[in-house]
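> So that we are looking at the same thing, I have put the structure below in structure tokens.
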Amino acid sequence: MWRLRSKVVAFGGTRSQLVGLRATAAMMAVCVAAVAHAQSGAKLIPVPPPPMGWSSWNSFSNTVDAQIIEDQARAMNSTGMAKAGYQYVNIDEGWWLGERDADGHFVIDAKAWPALAGGETAGDMANIARFIHGLGLKAGIYTDAGKDGCSMYPDLGPVHEHVGSEGHYEQDFLQFAKWGFDYVKVDWCGGDKEKLDPAVQYAEIARAIAKAEAATGHRLYFSLCEWGNNSPWTWAPNVGGAPADVWRTSGDIVAPIVPHREHSGRLASFPGVLANFDQGIHPEAEHTGFYNDPDMMVVGMPGLTDAQNRVHMSLWAISAAPLLVGADLTTLSEATRATLTNAEVLAVDQDALGLQGVKVASSGNGLEVWSKALATPGERAVLLLNRSGDAAQMTANWNDLGLEGSPATVRDLWAHKDLGSFNSSYSSTVASNDAVMVVVRGHEGKLTEYAASGGEMSKGHEISVAHVSSRAAMARVRITYTNPDSAPRYAELRANGHIAMRIAFPPTGNAPGAVWIQAPLDRAGDGNVLDFSAVGDAGPTIESIAIE
Ligand code: GLA
């Protein structure tokens, strides 16, 4: 094993360093000493945004049927939700009651899922997928990783056993793809009961999905749901080779509220929304198309005021959460509709950088400043969140946002109003349990660039970047790389010995491109170390990294 010591050289007015390249015993090719060169001109490679859509669970529980889905899909269009970017119509638990035929195929209730057009057969889930597609939308379906599913603990009776896919992974996911579904949520009630290992089961499921995709040419987006019980942010990104996925980080904000049924008096609560938001913050895992999922939104459901709905939406957007609406779309109030379709807030969630917001300042009494870096250099979405019992004056400092202390403009995303230009900070009075959401447009702080010329990473290669310093404990890192393939390549990053995180490197063609991640560089001074290793046979060619 050998290591090249990093040394500081001056380059183009910015401080650059040589990368310490460490070769492992398994390394075949000899790496050449790194030469400092700036790659800051590389184009940003947009990453898959978090999914947007609607899910049947929160407002319909296991009463879901074709009529409900048809009504919701139509409402997705008539309310303007689809135009705003919501596309998935997701069928959650209750569509299948656990019966299989002699060949193990799903047996579907033909009354609940009838033929919807000429030539169709009742009891064929392809009918509803076709209907949803006919409206220009995408269709989602649901199962469990275990033998049983959550129907063994029904919210509305009766109990149904064996509503899970264990033992049928390849068969079931192939069936979902053949039916035409575009999204699959895989729950964990059965896996939990059997004490299975979720990292193992979900990897196997991801491979079954990839096989189904290869067989049908149909893409099936993967949503994992084990409620954050087994720290999925440490293993769920790219699990089993998934090119993009989301994983739940907490339990349900509220159990379903179905009008005229048992428990119809349930209420969503603002503390519940905040608790799920907090549990969903794992910025080190959320990048390049992998997202923490703090649950379907309860915006517009009983229990929240219009102001609380706006804060809820702001929290999900600043954390780049999947935006899956739980409310009944056929009865949305105008205020809720406006909240869900605020284009400026949605743009924060869907930003092409794909990074999660981080808390950059806080006071002990519940005043928090959150900042999400956006794709345009120098832009930050900022949330001033007041969890305290009193209104408070709150300030976002440009310094804390990683912007240089020159003037920056501020725009209020809920008032749709430019607020002016400010030299070093922006202050606002924020009501108790409320938030102000703005975009700050300023000047990006200096990045320190570390250049590498280790060639293409292959199995067994490790690129170690030592003596790295950062202004932020959760540092933004730009990685400039090439991937000439037509599909992503992957690498793992271990920052300061923390658990390794998967990074997707989408195709760049032959010219270098750049993606951004966030890494915990929590050592003082230049004591931080970044270790990259390839996943699979060929990794990307990492050209340089730059750190704020
Ligand atoms: C779990 C999930 C919910 C929903 C239900 C269905 O509780 O967290 O989102 O899918 O199962 O039973």
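The values are calculated or read from the model by the stated rules, or taken from the named source; none is laboratory data. Since we're looking at a predicted model, the values are computed, not measured. When we count neighbours, we look across all protein chains shown, and the Cβ atoms used for this are built from the backbone with ideal geometry, even at glycine. Areas reflect the complete protein model, heavy atoms only, side chains present, ligands, DNA and RNA absent. Shrake-Rupley method; radii C 1.70, N 1.55, O 1.52, S 1.80 Å.
> Looking only at the chain, where both bridge partners belong to it, what percent of the DSSP beta bridges are antiparallel (to the nearest 5)? Working shown, then result.
Details: 81 of 113 bridges.
Percentage antiparallel, nearest 5: 70.
> Return the carbon/sulfur percentage of the accessible area of the stretch 81-221, one whole number, probe 1.4 Å, all protein chains in place.
Exposed carbon and sulfur together represent 52 percent of the surface.
> Compute the relative contact order of the chain as a whole-number percentage, counting only Cα pairs closer than 8 Å that sit 6 or more residues apart in sequence. Don't skip to the end; give the middle numbers.
On the way: 1413 pairs, mean separation 82.9, N = 548.
Contact order relative to length: 15 percent.
> Per DSSP H run of at least 4 residues, take -39500 (n - 2.57); add these up for the chain, divide by its residues and hand me the 222 nm value, nearest 500 deg cm²/dmol. Working shown, then result.
Values: 11 runs with 102 residues, N = 548.
So the helix-based figure for the chain works out to -5500 deg cm²/dmol.
> Quick one: pull the percentage of alpha-carbon pairs in the chain with a separation above 29 Å.
Values: 81089 of 149878 pairs.
Value for the chain (Cα pairs over 29 Å): 54 percent.
> Just read off the accessible area of R74 with the full protein assembly in place, 1.4 Å probe, to the nearest 10 Å².
Approximately 110 Å² for this residue.
> Hey, another quick one. Taking all protein chains as present, what is the carbon and sulfur share of the accessible area of the stretch 268-392, in % to the nearest whole number, probe 1.4 Å? Let's see the in-between values first.
Working: 1700 of 3230 Å².
Carbon with sulfur: 53 percent of the solvent-accessible area.
> Then there's this: Distance in nm between label sites at A431 and K446, each 7 Å beyond Cα in the beta-carbon direction?
For the pair A431/K446, the computed spacing is 4.4 nm.
> Just to confirm my numbers, what's the Cα centroid distance between the stretch 273-352 and the stretch 377-412 in Å?
Cα centres, the stretch 273-352 to the stretch 377-412: 20 Å.
> Might you work out the accessible area of S486 for me, using a 1.4 Å probe with all protein chains in place, and round it to the nearest 10 Å²?
Here the residue's solvent-accessible area equals roughly 120 Å².
> Can you put H461, H160 in order of accessible area, largest first, using a 1.4 Å probe? Present the calculation step by step, with values, prior to reporting the outcome.
On the way: H461 20, H160 50 Å².
Descending accessible area places them as H160, H461.
> Mind running the shape call on the stretch 318-394? Use the C-alpha gyration tensor, a ≥ b ≥ c as the square roots of the eigenvalues: rounded below 1.5 for a/c, prolate if a/b tops b/c, oblate otherwise.
Values: a/c = 2.40, a/b = 1.24, b/c = 1.95.
Oblate, since a/c reaches 1.5 and b/c is not below a/b.
> Let me ask something additional. Among the lysines, select those whose C-alpha is under 17 Å from the C-alpha of K83, and discard any that sit fewer than 8 residues away in the same chain.
K138
> Give me the 1.4 Å probe accessible area per residue for the stretch 125-259, excluding ligands and nucleic acids, in Å².
On the way: 4610 Å² over 135 residues.
Solvent-accessible surface per residue comes out at 34 Å².
> Still on this structure, I have one more. What number comes out for accessible area per residue over the stretch 295-404 if the probe is 1.4 Å? Units Å², please. Don't skip to the end; give the middle numbers.
Numbers: 3230 Å² over 110 residues.
Ligands and nucleic acids excluded, the figure is 29 Å² per residue.
> Can you list the trypsin sites (Lys or Arg not before Pro) in the stretch 181-217 that are in a DSSP coil and have 13 or fewer other beta carbons within 10 angstrom?
Details: sites: K185, K193, K195, R207, K211; in loops: K195.
For trypsin sites (Lys or Arg not before Pro) across the stretch 181-217 that sit outside H, G, I, E and B with at most 13 neighbouring Cβ atoms in 10 Å, the list reads K195.
> Right, here's the next one. Give me the number: length gained by fully extending E120 to S333, i.e. 0.36 nm times residue separation minus the C-alpha to C-alpha distance, one decimal in nm. Spell out each step's value before the answer.
Working: separation 213, 0.36 × 213 = 76.68 nm, distance 3.55 nm.
Full extension from E120 to S333 adds 73.1 nm.
> Additional query: Measure up K147/K185; K111/K211; K359/K446 against 23 Å on the Cα-Cα distance and list the ones that go over. Mind showing how you got there, number by number?
Numbers: K147/K185 15 Å; K111/K211 31 Å; K359/K446 20 Å.
Long pairs (Cα-Cα over 23 Å): K111/K211.
> Relative to the present Cα-Cα distance, how much length would full extension add between D522 and R471 at 0.36 nm per residue of separation? Walk me through the numbers on the way to the answer.
Details: separation 51, 0.36 × 51 = 18.36 nm, distance 0.98 nm.
Roughly 17.4 nm would be gained on extension.
> Right, something else. Please give, to one decimal in nm, the separation of the simple spin-label points placed at S78 and T305, each 7 Å out from Cα toward the Cβ.
3.1 nm
> Just grab the label-to-label distance for N397 and S269, each label 7 Å out from Cα along the Cβ direction, in nm (one decimal).
Taking the two extended label points, one gets 3.6 nm.
> Take the Cβ-Cβ distance between L156 and D109 as r, set R0 to 25 Å, and report the resulting FRET efficiency rounded to the nearest 0.05.
Working: r = 15 Å, r/R0 = 0.62.
Efficiency for this residue pair is about 0.95.
> Right, something else. Setting aside same-chain residues fewer than 8 positions from K417, which lysines have a Cα under 21 Å from its Cα?
Correct list for K417: K372.
> Still on this structure: Given the C-alpha centroids of the stretch 171-223 and the stretch 88-162, what is the distance between them in whole angstrom?
15 Å
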